[in-house]
Structure formats: C-alpha cells, structure tokens
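Structure record follows, encoded as structure tokens.
The values are calculated or read from the model by the stated rules, or taken from the named source; none is laboratory data. Quick caveat: nothing in here was measured; it's all calculated off a predicted structure. A quick note on method: Cβ atoms are made from the backbone with ideal geometry, for glycine too, and the neighbour counts reach across all protein chains shown. What goes into the accessible areas is simple: the full protein's heavy atoms, side chains included, and nothing from ligands, DNA or RNA. Shrake-Rupley method; radii C 1.70, N 1.55, O 1.52, S 1.80 Å.
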Amino acid sequence: MRMILGVALAIALMTVGSASAQIVNMNTVTCNDFIGFKRESAFAIIMWLDSYYQDEDDPPIIDFEKIRKKAARLTVYCNQNPTHSLTTGAERIMAGK
C-alpha cells in the first residue's frame, strides 16, 4: 500500500520540478503554511498524509475521490484554524474512513 502511494507521490513531485523543490517538516507545518503551499506541494502533502494515516492492512488502493473529499475538509479546517498544526487537523480528517 505504502509503495503504491509512494510511487504516486514521486510522480506528483516530478511535476513540481527541481526549481521549486522544498523540504517540508511535517512536525512544524501549520494550517496557515498548508494553505499557502502551491497546488502541487499541497497535493504531495495530501497524498503523504493519506498514506500515513492508512492502517497497515488496508488494501493498496488509491481512491482519488475519497482523497479529494478529505483534502477539501482539511482545507476548510485549516481556513478556520490557521494557527493549528496541520497534523492536528489531519488526525481528525485523514484517519476517518
């Protein structure tokens, strides 16, 4: 499962290009930071979060519609709570089935 999501993430990151490469420490990212990321970076973070909050024995499936809905909910949460850490919002939203 994580391998498939890792490949999807790698493909997404290749589209970003080396000129805009950046390092994101997920321990320090706030909701405000997340809202300010470029679309490609936000997509990569959403894919990472989706993989991170998967159960070990979940099937290796990427459900883009489900991820899109979670991303929309996380964006709403972050707009309402810009000073919260991104992982605080993600725990509530991405871990939900």
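Key figures
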read-out	value
Added length on full extension, which subtracts the Cα-Cα distance from 0.36 nm per residue, A42 to V29	3.5 nm
Dipole magnitude of the stretch 47-97 about its Cα centre (Cβ charges: Lys, Arg +1; Asp, Glu -1), debye to nearest 20	380
Distant-in-sequence amide H partners of T30 (H built 1.01 Å from N, under 5 Å)	L86
Taking the stretch 29-87 and dividing mean pair separation by its residue count, relative contact order in percent (alpha carbons under 8 Å, at least six apart)	71
Fully extended contour minus Cα-Cα distance, from A72 to H84, at 0.36 nm per residue	2.7 nm
Ranking by accessible area, most exposed first, for E65, E56 with a 1.4 Å probe	E56, E65
